[in-house]
Each structure stands twice: as C-alpha cells, then as structure tokens.
Amino acid sequence: MPKSPLTAQGAERLRKQLAELKSVDRPRIIKAIAEARAHGDLSENAEYHAAREQQGFVEGRIAALESALAEAQIIDVTTINVRGRVVFGATVELLNLETDTRVTYQIVGEEESDISQGLISVVSPIARALIGKEQGEVVVVNAPGGHIEYEIVEVRYL
C-alpha cells in the first residue's frame, strides 16, 4: 500500500490531536457513560445514548489518526533542494489575475488539509496545477466554478 505524504508539522499536529483524544476526550466520555448508567433504565436514557454516540465518534477518529500516522511518509521540505519549484510542503503566494487578490496556501497531505488555515491537499485542483511550477509562472486551475488564472508570486519552504 502506498504511503500518504504528510508534512513534519502536520504529523506533529495529528500526534497532539491523537494524544488529546486519548488522554482527555476518551476518559471524559467513559465517565459520562458511567454516570448515565447509574441513572437506571438505559433504553430511555438520552444522556447514555448521546455519550455512546460521542464515544463512537472519538474511537473512530482515534483509529483514523493512528492509521494515517502509521501509513504516512513524513516529508520535511526544508531538507530538499528543489531550486524554487513548487513541491509538496511548499508555501505558495498566488495572485488571482482576474480579481487581483492574493492568497497563500501550503500544499500538504490529505489528512492535514484545512482550507480555513491555508492548508490545501496535494490532490486538490490548485495543488495539482501548481506542482512543478516556479515563481513568476502563470497557472490555470480547473476549479469546479471554472478556470482560474493565478500568477505564482512567491514560493517558500518553511
């Protein structure tokens, strides 16, 4: 099975999230289930059912994080000589040529992507269009809303 790329910073964030789920959330939910059981009849106990549902979500997330970390190929882009090209882990400042607005994205693994923080998945349309390009080049992104032209203003490796 091929390994999924993950930045060193992303792997650390996932490890912290996993530790919090195991040391904080899991014990809190176990306690809530025990308290709800103490109330008696479980068939009509909404607190019990809510806690069990939460437990299922947390256990699923723990399993997903453990799997993602086990299958990850952690890449530290600062150790790679890429000579100004856009690669996995690079932070790219773009200028939308139609709207004249600037955006900054870091290209990361699927598990760590979060558009609200400027972290885009390596398999996203924007990342696929940027990979291998250099500062100053114009790229056309085939986005769901149509074609968007961006100029690569700057490429950084953090």
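Which of the residues that make up the stretch 79-96 are aliphatic (A, V, I, L, M) and outside any loop (DSSP other than H, G, I, E, B)?
VAL92, LEU94, LEU95
Taking the options VAL108, VAL87, VAL103, VAL92, name whichever one is more than 15 Å from VAL139 (Cβ to Cβ) and either touching a His at 6+ places or on another chain (Cβ under 8 Å) or in the same structural domain as ALA129 (by TED's automatic domain parsing) (or both).
VAL108
Can you say whether THR99 is free of Cβ contacts under 8 Å to residues at least 12 places away in the same chain, polar (S, T, N, Q) and not in a helix (DSSP H, G or I), as far as the supplied structure shows?
Judged against the criteria, THR99 is a match.
Based on this model, can you work out whether SER23 counts as under 16 Å from the mean Cα position of the chain (by Cα), in a helix (DSSP H, G or I) and modelled with pLDDT of 90 or more?
Here the answer is no, as SER23 does not meet what is asked.
What pairs come out if I take residues in the stretch 104-126 that are at negative phi and pair them with residues that are aromatic (Phe, Trp, Tyr) whose C-beta lies under 6 Å away, six or more apart or interchain?
From the stretch 104-126, the pairs are ILE107/PHE88; ILE120/TYR105; VAL122/PHE88.
Residue-by-condition table, conditions (1) surrounded by 15 or more Cβ atoms within 10 Å (Cβ to Cβ); (2) closer than 23 Å to PRO5 by Cα:
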| position | (1), (2) |
| --- | --- |
| ALA34 | no, no |
| GLU71 | no, yes |
| THR91 | yes, yes |
| ILE107 | yes, yes |
| GLU111 | yes, yes |
| GLN117 | no, yes |
| VAL122 | yes, yes |
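It is to be established whether one or more residues within the stretch 39-48 are farther than 27 Å from LYS3 by Cβ, among the aliphatic types (A, V, I, L, M) and at pLDDT below 95.
yes
Let's see how each residue does on (1) in contact (Cβ under 8 Å) with a residue 24 or more places away in the chain; (2) touching a helix residue (DSSP H, G or I) at 6+ places or on another chain (Cβ under 8 Å); (3) at positive phi:
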{"site": "THR7", "(1), (2), (3)": "yes, yes, no"}
{"site": "ASP25", "(1), (2), (3)": "yes, yes, no"}
{"site": "ARG28", "(1), (2), (3)": "no, no, no"}
{"site": "ILE33", "(1), (2), (3)": "no, yes, no"}
{"site": "LEU42", "(1), (2), (3)": "no, yes, no"}
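In the list ASN142, ASN96, which residue meets the criterion of being surrounded by fewer than 15 Cβ atoms within 10 Å (Cβ to Cβ), among the polar types (S, T, N, Q) and touching a strand residue (DSSP E or B) at 6+ places or on another chain (Cβ under 7 Å)?
ASN96
Would you check if there is a residue in the stretch 127-146 being assigned to a loop (DSSP other than H, G, I, E, B), closer than 23 Å to ARG13 by Cα and not β-branched (Val, Ile, Thr)?
Among the residues of the stretch 127-146, not one is assigned to a loop (DSSP other than H, G, I, E, B), closer than 23 Å to ARG13 by Cα and not β-branched (Val, Ile, Thr), which makes the answer no.
If ALA63 meets every condition in (1) under 19 Å from PRO2 (Cα atoms); (2) among the aliphatic types (A, V, I, L, M); (3) not in a helix (DSSP H, G or I) apart from one, which number is that one?
Among (1) under 19 Å from PRO2 (Cα atoms); (2) among the aliphatic types (A, V, I, L, M); (3) not in a helix (DSSP H, G or I), the lone unmet condition for ALA63 is (3).
Of all residues in the stretch 43-69 being exposed (fewer than 13 other Cβ atoms within 10 Å of the Cβ) and aliphatic (A, V, I, L, M), which is farthest from ARG15 (Cα to Cα)?
Here the answer is ALA46.
The values are calculated or read from the model by the stated rules, or taken from the named source; none is laboratory data. Keep in mind the model is a prediction, meaning the values are calculated, not measured. Note that each Cβ is placed from the backbone with ideal geometry, even for glycine, and that neighbours are counted across all protein chains shown.
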